[in-house]
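Presented below is the structure to which this report refers.
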Amino acid sequence: KHRVGVLISGRGSNMAALVAAARDPACPYEVAVVASDKADAAGLAHAAANGIPVFVGPPGKIAREASFDAIFRANGVDTIALAGYMRLLSDEFVARWRGSIVNIHPSLLPAYKGLDTHARAIAAGDAHGGCSVHVVTEELDGGAVLGQARVPILPGDTPDALAERVLAAEHLLYPKVLAEFVTR
Ligand code: GAR
């Protein structure tokens, strides 16, 4: 099976969705290792409880990325999936893994790159929000879009309410698109 290394910073619900999908024998990937920049990321406990090796990177961008690179190579990782990893990867890291890093972003890209996507979509009066899985390049949230899911924005929606609705769509989209990506 194709080996996926997941990078998280927090809750890790998208990582958990990838892990759950990978339990299906027909899934073309397995989650080989979960790494975080934050020792207290809640997702680490979930991964460990599922028997997946977990790793926390050290402080400092250069040291952290060198450790991620080493841990992914040591675990035979083919593809890196960012799942709520809230730091920008350096150009050097992206170049080393070029074409092999994907991310899930909570907007219908190219709309609303960066942060606070749901508040911005509501403030703009958009009828829909959503999520996108894309290839990671040096440009923030700018790589080729691999798949998207569209979610209605309802009257009176708060950013939190919209985020929750979009998150449910993320959990369906990411495993599906990752499976397509690794068998492309
Ligand atoms: C998700 O909504 C993901 O799309 C978003 O953070 C959340 C992480 O949740 N990612 C970004 O904003 C990336 N810039 P999770 O930790 O439960 O998967």
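Any read-out appearing in this document is the output of simple, stated calculations on the displayed coordinates, not a laboratory observation. What you see is a predicted model, and the numbers here were worked out from it, not measured in a lab. Cβ atoms come from the backbone with ideal geometry, glycine included; neighbour counts cover every protein chain shown.
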- Alpha-carbon centroids, segment 136-178 and segment 1-49: separation in whole Å: 18
- Message: Sort 151-161, 123-133 by packing, meaning the average of other beta carbons within 10 Å per residue, with the highest value first.
- Response: 123-133, 151-161
- Message: Longer than 28 Å from Cα to Cα, which of 1/61; 61/176; 113/176 are they? Say none if no pair is.
- Response: 1/61; 61/176
- Item | Computed magnitude of the charge dipole of the chain (debye, nearest 20; Cβ of K, R +1, Cβ of D, E -1) | 340
- Task: Relative to the compact-globule scaling 2.2 N^0.38 Å, provide the ratio for the alpha-carbon radius of gyration of the chain.
- Result: 0.99
- Counting other Cβ atoms within 10 Å, which trypsin sites (Lys or Arg not before Pro) in segment 1-55 have at most 11 and lie in a DSSP loop? 23
- Message: Which one, 75, 9, 39, projects farthest toward the positive side of the charge dipole computed for the chain from Cβ point charges (K/R +1, D/E -1)?
- Response: 75
- Here segment 107-116 yields Karplus 3J(HN,Hα) values (6.51, -1.76, 1.60; θ = phi - 60°; whole Hz; Gly and Pro given as x) of 7, 8, 4, x, 6, 6, 5, x, 9, 6
- Note on the structure: Counting every C-alpha pair in segment 77-184, the percent lying more than 20 Å apart is 38
- Principal-axis tilt of helix 159-182 within the chain, Cα atoms, nearest 10 degrees: 50
- Task: Return the inverse of the average 1/r over all pairs of distinct C-alpha atoms in segment 43-122, which is the Kirkwood hydrodynamic radius, in Å to one decimal.
- Result: 14.6
